[in-house]
Amino acid sequence: MSAETRKSHPAVTQPYRASDLSVTAPRRPRSWVPSMYLAMGIPFAMVNWVAGTMFKDLGYSDTKITAATGSIVVVWSLKPFWAEFLDMSSTKRRWVLAMEFFLCAILAVMSIALHLPNYFVLVIASLWVLAFASATQDICADGLYITALDKKQQAEWIGPQGVFWTVGRIFGTAVVVGLAGVLSDPTGSWRFDAKTAWTYALGTSAAVMGLLGVYHYFNLPVGSLARRPKDAKEVVGKFVDSVKAFLQKKSLWGMLIFVGLYRTGEGFLLIEAPLFVQASVADGGLGLTLKEKALIDGTISTTVSLLAGILGGRFVAKYGLRRTLLFLAICLNVPHLCYVFLSQVAAPGTHLSIYLILTLVCIEKFGYSFGFVGNMLYMMQQIAPGKYKMVHYAFATAWMNLVLWPTQTFSGKLADWLGYRHFFIFVLVASLPSLVAAWKAPFPDPPDVDDDETGGSEGMPEGAAAAAS
């Protein structure tokens, strides 16, 4: 991958200023790779999981939550459109630092906004800004990873990269949510109201992002001295060329149909399932407290997801993607039965064991992460190869996230309309196209032409974030 970056910037036509190289000494990967991907995981978790939990705790309906937050995922889909422009103004290191401090500020603003009369609108607007800053951080952090490490180091640190991104997710879904639960627990010693509890929880996330920014100021490397684009015309020209090459791929539409349908069922669950476990029993939910949700849906199930992703990768490596894709699709979708069962037995007067809930949620999360490997590897091995390998991988992941927009956005309205019992049956039926797509997926298997690549790399989304989304 580092070769791709060097070839995409063959000459230095606009040298970096000396001030850009304030940290030029070689940095050991362990001093910055784990912390950098931790800092990438936190804002992603805050936007995609923590926000919904907070609004549910503050009394908002599933319809309003998913309608307001479900579309924010589109921001990460649009990364390729501004990725190449970032090199025109500063180094990747400076962009990463600027975004981390900016993320700190936005999280602080969100915590304060909770006490204003129109806080819902202000927080949603802040989440859009947070998502844009997070996506920009992703672009430059991945670029820094690619240009600061050689191929051997990239391979060595790809595992810890994913682990620490997941730790960032756990921080959001377990630590932040759990803190809000502890502070608002009526039986506890703190007894804050919900808004105050979330103010402290969001403030904690802001403080952690600020501390990571300070740490990275002293520890992030600069990366290789890539050429800055001469002007916007050059950036646009290369982008247009990459689009033309993408549209000329063999079996492109069949491959895009597969990517678009593979996560149909899961798209309805990504936001709605965590709201279901948090909803009151009277409303057909499981009635978990914030502390219980932080443990089950934040810590344990996320750890299980990480393990499943690793095992899924090894499984495909051993048996091959073509032979395993349908089985992976089954693993992704059949565990939706866990939520069908939970929604059918959840009722006022019925006490469900916390261990039963934990087991079934973890089974679903394991199946999702194990099966999701097939989607990521298909995009890497079938759609991405060619002249602009990393840019085309970015296009594929952008499309993958874009098609989640309608399912996530309307999942809450469907759940409120159908009720949880019928909603999860609907999700199971909606998963059937995923199985057909995996069965019929084309495998053009284009030759690897890495030696001829001239496309840029900064448009590539991080593997860890994409896999965990």
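The values are calculated or read from the model by the stated rules, or taken from the named source; none is laboratory data. Here the structure is a predicted model, which means the values were calculated and not measured. All Cβ positions, even for glycine, are placed from backbone atoms using ideal geometry, and neighbour counts span all protein chains on display. Only protein heavy atoms, including side chains, enter the accessible area calculation; ligands, DNA and RNA are left aside. Shrake-Rupley method; radii C 1.70, N 1.55, O 1.52, S 1.80 Å.
With the simple spin-label model, which puts each label point 7 Å out from Cα in the Cβ direction, the Ile363 to Ala347 separation comes to 2.0 nm. Angle of helix 389-402 to the longest C-alpha principal axis of the chain, folded into 0 to 90 degrees and rounded to 10: 20°. Remark: the chain carries 40 Å² of accessible area per residue (probe radius 1.4 Å; ligands, DNA and RNA excluded). Relative to the longest principal axis of the Cα atoms of the chain, the long axis of helix 92-113 lies at roughly 20 degrees. Shape verdict for the chain, please, from the Cα gyration tensor: rounded (a/c under 1.5), prolate (a/b greater than b/c) or oblate. Cα axes put the chain in the oblate bin. Seen from a random direction on average, the alpha-carbon convex hull of the stretch 184-303 projects onto 14.4 square nanometres. The long axis of helix 232-247 is offset from the longest Cα principal axis of the chain by roughly 70 degrees. Quantify, in whole percent, the carbon and sulfur part of the accessible surface of the stretch 114-257 (1.4 Å probe; protein heavy atoms only). Within the stretch 114-257, the accessible surface is 69 percent carbon and sulfur.
Ranking Leu404, Gly419, Leu332 by Cα position along the charge dipole of the stretch 331-454, where only Lys, Arg, Asp and Glu carry charges on their C-beta atoms, puts Gly419 farthest toward the positive end.
If I compute solvent accessible area with a 1.4 Å probe over the protein chains, what percent of it on the stretch 274-432 is carbon and sulfur? Heavy-atom surface of the stretch 274-432 belonging to carbon and sulfur, 1.4 Å probe: 71 percent. Measure up Lys233/Lys387; Lys92/Lys244; Lys238/Lys389; Lys365/Lys413; Lys152/Lys318; Lys250/Lys387 against 18 Å on the Cα-Cα distance and list the ones that go over. Exceeds cut-off: Lys233/Lys387; Lys92/Lys244; Lys365/Lys413; Lys152/Lys318.
Based on the Kirkwood radius over alpha-carbon pairs, what value in µm²/s does the Stokes-Einstein equation return for the translational diffusion coefficient of the stretch 273-322 at 37 °C and 0.692 mPa s? So the translational diffusion coefficient is about 259 µm²/s.
Place a +1 charge on the Cβ of each Lys and Arg in the chain and a -1 charge on the Cβ of each Asp and Glu, then give the dipole magnitude about the Cα centre in debye, rounded to the nearest 20.
With Lys and Arg at +1 and Asp and Glu at -1, about 620 debye.
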